[in-house]
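Here the structure is laid out as structure tokens; the discussion comes afterwards.
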Amino acid sequence: MSDYSVKSRRYEAGFKSFFREWMILFLFVALVVISFILNPQFRTTSNIMNILRQASFLSIIAMGEFFVILVGHMDMSITSIIGMTSIFLAGFVVNDGISLGLALLMVFVMAMLVGIINGCLVVYGKMPSFIATLVIMNILKGLYYIYSKGLPISGLPGSFNYLGAGYVGIVPFPVILMLV
């Protein structure tokens with residue numbers, strides 16, 4: 001059966017089935033239009049940039065997860081990978097005196113290694129991706145709790161804030177990262 005015939009059967013009931021499938025998008029557009037009309041503060045440039053900044057972090061994560069789901073798997077360890085890289089990055093810079101650039105490279109390699117381990121467990125170990133990444137998630141949580149002793153790590157240099165709070169013109173830097 002061709003892709004076209006599947007899609008044509010999906011919409012053969014007409015507008016009602018089309019609307020049911022795309023309802024969440026229609027509701028989102030309606031909500032944005034109503035907010036633009038009723039609240040003048042909503043349509044300010046600073047508010048739009050703030051919304052984009054907040055959405056950019058989740059979007060970056062979702063783009064990575066999208067490709068995992070696209071091939072029919074699930075990655076439960078993504079939040080623990082983010083936690084691990086954040087805590088180790090802060091620890092490397094603050095506690096160990098490593099430069100920010102080198103620390104970023106080190107945690108990037110750590111995240112890649114975790115991804116490789118996840119992939120090997122699924123491909124070579126024949127484990128379901130949900131189970132393999134759930135196990136890795138808990139191992140990583142244990143590792144970063146041991147590393148940080150359960151305490152927050154503070155004292156990062158001001159240049160580090162640029163990654164999450166910096167601007168290029170009026171556009172927040174995280175939005176640029178999201179678009180890239």
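A few comments on the model shown:
- Rolling a 1.4 Å probe over the heavy atoms of the protein chains gives the range 32-164 an accessible area of 63 Å² per residue.
- Over the chain, relative contact order from alpha-carbon pairs under 8 Å, at least 6 apart, %: 26 percent
- Put simply, the amide H of Y167, placed in the peptide plane, has neighbours under 5 Å in F173, leaving out anything fewer than 5 places away on its chain.
- Additional length obtainable on full extension of the chain from L38 to Y145, 0.36 nm per residue less Cα span: 33.9 nm
- Loop-resident chymotrypsin sites (Phe, Trp or Tyr not before Pro) (DSSP state other than H, G, I, E or B) in the range 102-155 with no more than 10 further Cβ atoms inside 10 Å of their Cβ: Y124.
- Packing, taken as the mean count of other beta carbons within 10 Å per residue, orders the peptides 30-43, 62-75 from highest to lowest as 62-75, 30-43.
- To put it simply, the accessible area of the chain at a 1.4 Å probe is 74 percent carbon and sulfur.
- Rounded tilt (10° steps) of 78-90 against the dominant C-alpha axis of the chain: 40 degrees
- Mean residue ellipticity (222 nm) of the chain, computed from DSSP H runs ≥ 4 via -39,500 (n - 2.57), nearest 500: -23500 deg cm²/dmol
- Spread over its residues, the convex hull of the C-alpha atoms of the chain is 186 Å³ per residue.
- Extending 7 Å from Cα along the Cβ direction at V94 and again at T79 yields two label points whose distance is 2.2 nm.
The values are calculated or read from the model by the stated rules, or taken from the named source; none is laboratory data. Just so you know, these numbers come straight off a predicted model, no measurement behind them. We place every Cβ from the backbone using ideal geometry, glycine too, and count neighbours over all the protein chains shown. Heavy atoms of the whole protein, side chains included, go into the accessibility calculation; ligands, DNA and RNA do not. Shrake-Rupley method; radii C 1.70, N 1.55, O 1.52, S 1.80 Å.
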